[in-house]
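Since the structure comes first, as structure tokens, the remarks are kept for the end.
The values are calculated or read from the model by the stated rules, or taken from the named source; none is laboratory data. Predicted, not measured: the structure shown is a model, and the values here were computed from it. Here the Cβ positions follow ideal geometry from the backbone for every residue, glycine too, while neighbour counts run over all protein chains shown.
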Amino acid sequence: MSSIEISAPMAPMEVEVFSGASPYPLATTHDFSLIRAMAALSRASGTVATVALILMAFSMCYEIFSRYVLNSPTAWATEISGYLLVATVFFGLAAAQASNSHVQVELWVDRLSATARLQVELLCQWLALLFCVVLAWQMASFNAREYVNDTRDWGLLSTPQWIPELAVSLGLLTFCMSILVDLYRLSPPAAVWRRWLAPAALALMVMLLAGLGANAVPLAGTRLDWGMALIALAFTVSVWAWSGGRCLLRVLAIVGGCAVLYALARGQSLGWLAALLVASMMLLLFLGVRIGVALGLVGLFGVYFLLSRPQLSLLAERAWSSTNTFTLTAVPMFIFMGGLLLRSGITSGMFDSLVRWFGRAPGGLAHASAGASAVFAAVSGSSLATAATLGKAACPDMIARGYSPRLTYGVAAGGATLGILIPPSIPMIIYGTTVGASVTHLFLAGIIPGLVLMGCFMLGVLVWALMVPGAAPVARSYTLREKMGASRSMIPFVVIIGAVLGSMYAGVATPTEAAAIGAVSAFVLCLLRRQLTWKALIEIAQDSAKVTALLLLIVVGASIFSWVFDYLRLPREVVNLIEGADVPPVLVMGAMVLIYLVLGMFVESIAMMLMTLPVTYPIAMALGLDPIWFGVFLVLMIEVGLITPPVGMVLFVLRSMNEKARFTDIMRGALPFVLIILLFLGLIYVFPQIVMWLPQQVS
């Protein structure tokens, strides 16, 4: 599930094969002045997100220093860090859009011709713009009401809420502009008047919406309002002006069809409502609509048509509350730390050290690869970062030394999944924030299962090396002196692991603050190794801001989507159905595993977690499962999705690291490790203390 890509600019009426860094040219000679201005604003928005991310890291570290060294805790760091996260997310959306970083499902669109794919991409981008315009309109109205009412934060600073909320409104505005730039560059109209008609219609729409005020103005005798009517009219004109009548018909078919179906479904049985919500979401996902937007659109249809009366203001409230969470500031910090570690070059030294320690075992390099995965997982929190590191540092060397491509990429794929199980773990942070579970206890719960699973991977490698002729070359032994000399390369990792986990478990820092300590530690390490320039630092921070924005856009969309689910009481009804049927818990959990296994083939991991939690979490609690145990179970299921053919994201990362790798080898190599993870799930279900023992030792 990688993003759509293109290697070269497209001429106005020409379509090229999508196969490079982005489907959109960074600049074209056909841009007119307004498009160039909006593109410049998108770049400026990305710069603001980058600065906010760097300030967030240093403000959190300053709080720890002030609290424990100066014995003078700040009154502002926690609150300001949360606001900086909001700025990073929403100002980063435009930069992520400009580089086409937003995640989408490409299972179907990859099989289209270039011409058909362009038309589908236009449809997806217009749907994205529709959602973002409605969200921006509601956020601006929410902002205005907060200003008029002088709403203030409950924190010590008593900050007027309209000030940090303004970052959401402005960020969404630049996001809309970035989508418009892409729409124009995908299919620029030849006629000059058409170029200006769409911006003029949208600008007039904005002025009229501002004139309507901050509160909805209903259309007499209907459940509709003048604001949505104005948006619908402006969009109709804009789509026709820039993308033509056929594209307009496609947009109207999707939006109008969903509107009619949702309106007819109001008051129907919960089974029909659930089927409609899931079916419309899957339709948008398979069309290629970005995952965060698809979730948000389904939520938009739900709050507008399924409720007794429309509650569009909910969109703004969800966008603000789901991201203004201090716990989530750990997400960009761990992403930033992973980028800095890759830049420092210490990963290759770590791998060389493990090679010497596992050299004599059959498949020694493969064992080293699994061990390196566990070590890097303990400092990165990201399976994709772990996969990228192994794909670059380990896989080429293993193949050059005679290891089969299937074993090489299989162990790299399996080892990469440890990145979200062994703490720190970004999905665990998001899970804990969503359900209210302790992130510290989730981190503790992941340690023993992560190490045991690493051992299971090594056992699988040993069996593979012994049973498959030619899979691994004859092992080589190393002297103790060689092993000890190479072990010096592990020192930087030990230091960073100690800084992150030590500060957290010693009570010096919260899990969120520990992430900032890790990022600053990685920064210092890069400086000491002279592997970092100011330009490189900015590039890493920009990339981190983009990834943070796309991940938390999924969180926003899922928050809206899950609110509709909860309002309709769908999770409660599913729980009642299971309890009434008296189904054995093992069968319920087996069905859950099967569902996640299928979803993992098509849907991005964090999106899969967030869109299923409203149903699966209440079921797990009704079965009497511990929230901490279920969090580890859920992360393991996400791991399976990351490496399940045909579209596991880790598989695509490994393929991108080596152009000579055959995708079939990567997929077949990953399958044995999928089986190992599934067997391990059965093990922790039968013996839950594997997960729960360590958290139970900590009060």
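Quick notes
- Looking across segment 197-247, the residues that are part of a loop (DSSP other than H, G, I, E, B) and at positive phi come down to Gly213, Gly221.
- Applying the criterion of being outside any helix (DSSP H, G or I) and of a type outside the set (D, E, K, R) to the residues of segment 515-552, the residue that is modelled with the highest pLDDT is Thr533.
- Among the residues making up segment 464-483, a single one is part of a helix (DSSP H, G or I), of a type in the set (A, V, I, L, M) and in contact with a helix residue (DSSP H, G or I) (Cβ under 9 Å, 6 or more places away or on another chain): Ala465.
- Restricting attention to segment 144-159, the residues that are free of Cβ contacts under 8 Å to residues at least 40 places away in the same chain and either over 19 Å from Ala216 (Cβ atoms) or among the polar types (S, T, N, Q) (or both) total 6.
- Reported count of residues in segment 646-694, each being in a loop (DSSP other than H, G, I, E, B) and either at pLDDT below 80 or in contact with a strand residue (DSSP E or B) (Cβ under 6 Å, 6 or more places away or on another chain) (or both), is 8.
- Residue match in segment 259-279 (condition: outside any helix (DSSP H, G or I), in contact (Cβ under 8 Å) with a residue 12 or more places away in the chain and under 22 Å from Val556 (Cα atoms)): no
- Per-region count, segment 437-487, residues touching a residue at least 60 places away in the same chain (Cβ under 8 Å), of a type outside the set (Ser, Thr, Tyr) and more than 28 Å from Ala670 (Cβ to Cβ): 7
- Unmet requirement for Gly271, which otherwise passes all of (1) loosely packed, with under 15 Cβ neighbours inside 10 Å; (2) more than 28 Å from Arg572 (Cα to Cα): (2)
To keep it simple, each residue is scored yes or no on (1) at pLDDT 85 or above; (2) in contact with a helix residue (DSSP H, G or I) (Cβ under 6 Å, 6 or more places away or on another chain).
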| position | (1), (2) |
| --- | --- |
| Glu317 | yes, no |
| Thr323 | yes, yes |
| Ser344 | no, yes |
| Ser348 | no, yes |
| Asp352 | no, yes |
| Pro362 | no, yes |
| Ala366 | no, yes |
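- The condition of being outside the structural domain of Leu295 (by TED's automatic domain parsing), more than 30 Å from Asn100 (Cα to Cα) and within 25 Å of the chain's Cα centre (by Cα) holds for only one of Val494, Val500, Val524, that being Val500.
- Evaluating Ser178 against the criteria (1) surrounded by 22 or more Cβ atoms within 10 Å (Cβ to Cβ); (2) hydroxyl-bearing (Ser, Thr, Tyr); (3) in contact with a Pro (Cβ under 9 Å, 6 or more places away or on another chain) leaves one unmet condition, (3).
- Scan of segment 172-219 for residues that are touching a strand residue (DSSP E or B) at 6+ places or on another chain (Cβ under 8 Å) and of a type in the set (Gly, Ala, Ser), ordered by number: Ala216
- Residue within segment 155-173 that is surrounded by fewer than 23 Cβ atoms within 10 Å (Cβ to Cβ), of a type in the set (A, V, I, L, M, F, W, C), within 29 Å of the chain's Cα centre (by Cα) and closer than 17 Å to Ile35 by Cα present: yes
- Any hit, segment 597-606, residues being part of a loop (DSSP other than H, G, I, E, B), among the aliphatic types (A, V, I, L, M) and within 24 Å of the chain's Cα centre (by Cα): yes
- Qualifying residue in segment 57-67 (condition: in contact (Cβ under 8 Å) with a residue 60 or more places away in the chain, in the same structural domain as Ser101 (by TED's automatic domain parsing), within 22 Å of Trp320 (Cα to Cα) and not polar (S, T, N, Q)): yes
- Residues within segment 82-104 that are touching an Asp or Glu at 6+ places or on another chain (Cβ under 8 Å) and of a type in the set (Gly, Ala, Ser), tallied: 1
- Applying the condition of being assigned to a loop (DSSP other than H, G, I, E, B) and touching a Phe, Trp or Tyr at 6+ places or on another chain (Cβ under 8 Å) to segment 85-127 and asking which residue is modelled with the lowest pLDDT yields Leu107.
- Residues of segment 462-474 satisfying the condition of being buried (at least 16 other Cβ atoms within 10 Å of the Cβ) and among the aliphatic types (A, V, I, L, M): Leu462, Ala465, Ala471, Ala472
- Of the residues making up segment 422-461, those that are surrounded by fewer than 17 Cβ atoms within 10 Å (Cβ to Cβ) and farther than 20 Å from Ile554 by Cα are Ser438, Leu451, Val452, Gly455, Leu459.
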